[in-house]
Amino acid sequence: MRTAGAAVLRSRNAGLATHLKHDKSPVTSADIGSEAVIRRGCSLLFPAIPMISEERAPALESSFEIPPLCFLVDPLDGTKEFIAGRSEFTVNIALVENGVATAGVIFAPALDRLYVAAGPRMAFMIDENGRRIRLDGMPHDHSHPIVLASRSHLDEQTAALVAQWQPCIIKQLGSSLKFALIAAGEADVYPRLSPTMIWDSAAGQALIEATGGVVLRPNGSPLVYCGSLINRGFVAARTRSLAAKALASIDSERQARLPVSNPLTEESSRR
């Protein structure tokens, strides 16, 4: 993972070659270089486990059948932040077993922070000095909830939802670093109602769930990885109670957007 991160930083220092993919999202030489490092490492260490990576995704359909055992990889998450010169980009690897993200690694190369999850209560942050800090999901009481939102992909529905939670502290940043901050107790909840891809969330979900948090679909069911490469929204939260509050707000916001029925109009239409 650190080797992939080093490849990302080398590409930035050497000058980036950037182009647009078929979906108009940017891809750089750093994405390609990191993907090559990870693919080579996974094939050497775990040759029997298939790897699904963002940079190989154009050949895949959204209804692609995800193998029961596989790695989900985003070699450079937060490409827009990376191009803009910010430090909020990450490298993500998750192990998915029968649709469940059971282990994950998130590395933030510019911050030199490595987050690792290997199952319940087995989550750690390894800082720039090599210290291993256990992320045990202990409660962190904030004076106001700290709500995370995407810097580059904040849709109107999510913005309206977050506005309901005032007073709260809203922080916008890119990449899966948002999941890591929740796992570390530095933030409380991350609602995402616009679509994302599965490699954007799997490693972060493994990390949060290893610390006792939850990542749920807007309908309250667990976020799982089977049948599609696309997530149709989720809520990531430090505790189940925080997730329940967020889901209630989502339901309230959706009800508010429903058209109000007019009994007189309905009666006329039935005549």
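The values are calculated or read from the model by the stated rules, or taken from the named source; none is laboratory data. Bear in mind the structure is a predicted one, so any value in this text is a computation, not a measurement. Glycine also receives a Cβ, built like all others from the backbone with ideal geometry; neighbour counts cover every protein chain displayed. Areas reflect the complete protein model, heavy atoms only, side chains present, ligands, DNA and RNA absent. Shrake-Rupley method; radii C 1.70, N 1.55, O 1.52, S 1.80 Å.
Overview of results
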item	result
Conditions (1) outside any loop (DSSP other than H, G, I, E, B); (2) at positive phi: number failed by Ser175	(1)
Residue, modelled with the lowest pLDDT, within the stretch 96-129, restricted to residues that are over 16 Å from Gly174 (Cβ atoms) and touching a Phe, Trp or Tyr at 6+ places or on another chain (Cβ under 6 Å)	Met125
Identity of the residue in the stretch 76-88, open to solvent by less than 10 Å² (accessible area, probe 1.4 Å) and over 12 Å from Asp200 (Cβ atoms), that ends up nearest to the chain's Cα centre (by Cα)	Glu81
Tally, over the stretch 29-57, of residues that are modelled with pLDDT under 70 and open to solvent by 60 Å² or more (accessible area, probe 1.4 Å)	0
Residue list for the stretch 76-94, filter: assigned to a strand (DSSP E or B) and over 21 Å from Val224 (Cα atoms)	Leu76, Thr90
From Arg134, Arg192, residue being more than 17 Å from the chain's Cα centre (by Cα) and modelled with pLDDT of 90 or more	Arg134
When residues of the stretch 195-217 are limited to those that are open to solvent by 20 Å² or more (accessible area, probe 1.4 Å) and in a loop (DSSP other than H, G, I, E, B), the one nearest to Ile230 (Cα to Cα)	Pro195
Residue that is modelled with the lowest pLDDT, among those in the stretch 7-28 that are open to solvent by 40 Å² or more (accessible area, probe 1.4 Å) and under 28 Å from Asp127 (Cβ atoms)	Leu16
Condition met for Glu156 (open to solvent by 40 Å² or more (accessible area, probe 1.4 Å) and either at pLDDT 95 or above or among the aromatic types (Phe, Trp, Tyr) (or both))	no
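Let's see how each residue does on (1) touching a Ser or Thr at 6+ places or on another chain (Cβ under 9 Å); (2) outside any loop (DSSP other than H, G, I, E, B); (3) loosely packed, with under 14 Cβ neighbours inside 10 Å:
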residue: Leu114; (1), (2), (3): no, yes, no
residue: Arg121; (1), (2), (3): yes, no, yes
residue: Leu161; (1), (2), (3): yes, yes, no
residue: Gln166; (1), (2), (3): no, no, yes
residue: Leu181; (1), (2), (3): no, yes, no
residue: Gly185; (1), (2), (3): yes, no, no
residue: Pro191; (1), (2), (3): yes, yes, no
